[in-house]
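Where a number appears in this text, it was derived from the coordinates with a stated rule and is not lab data. These numbers come from a predicted model, not from an experiment. Cβ atoms come from the backbone with ideal geometry, glycine included; neighbour counts cover every protein chain shown.
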Amino acid sequence: MRRRVLSFKNTILRHFAVPGLLLLFATANAMAQSGDAHAQDQGKAAAANAEAARENQRKTDEFAEAAQAINGPAGNPECVWLGRRVVRLMWVDDLDTAFRHLDLYDRFGCPGGHIQAAFRCLTRFGGTIDDKVPRSLDLRVHACWINPQAQPQTAAAAAATTSGSAAPSAAPSPAPAASPAPTASPSPAAK
């Protein structure tokens with residue numbers, strides 16, 4: 001009886017030992033090929049930290065630029081952040097989210113007219129925004145937030161040539177004409 005139990009144990013051990021050794025060799029080979037995983041992770045983490053630091057510095061510089069260029073509450077960081085976000089969301093036709101952000105914008109006491117002027121500027125530059133170029137829209141929104149009176153180069157050049165001067169003038173470009181008052185639609189003819 002004792003012999004049968006021992007032979008049964010040996011049989012089981014032999015069946016588990018061979019796959020166990022193969023598994024051990026396979027893991028050792030995989031570890032040897034991958035190298036030091038910790039060193040690779042540190043390199044990726046350092047690159048990600050450097051990229052995050054550059055991104056944060058860029059954002060800080062944009063807010064500082066807006067505070068210097070814009071007098072009043074529209075230059076406050078919270079107004080700049082929320083306002084640019086509202087203008088961008090309106091451009092990509094996400095009006096529900098834009099209106100939610102606009103409520104926050106109003107709660108901070110930011111001027112609603114600046115959003116209107118920045119969006120008007122963005123529509124003038126609509127042809128220069130390329131979806132394939134990363135950050136094209138964000139850069140144009142920021143430029144329009146800083147200077148809502150900006151004109152596209154072609155429109156500015158056409159305005160300079162029609163005014164009769166060959167050299168560009170230092171005078172500010174004229175404001176767009178006010179839209180005409182709406183008129184009543186004609187009533188249908190009676191029969």
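Okay, here's what the table says:
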quantity: Computed magnitude of the charge dipole of the range 58-152 (debye, nearest 20; Cβ of K, R +1, Cβ of D, E -1); calculated: 140 debye
quantity: ³J(HN,Hα), Karplus 6.51/-1.76/1.60, whole Hz, each residue of the range 61-66, x for Gly, Pro; calculated: 5, 5, 5, 5, 4, 5
quantity: Projected label distance in nm at Ala46 and Arg58, using a 7 Å step from Cα toward the beta-carbon; calculated: 2.2 nm
quantity: Highest average packing first - 119-128, 74-83, 53-62, Cβ atoms within 10 Å; calculated: 74-83, 119-128, 53-62
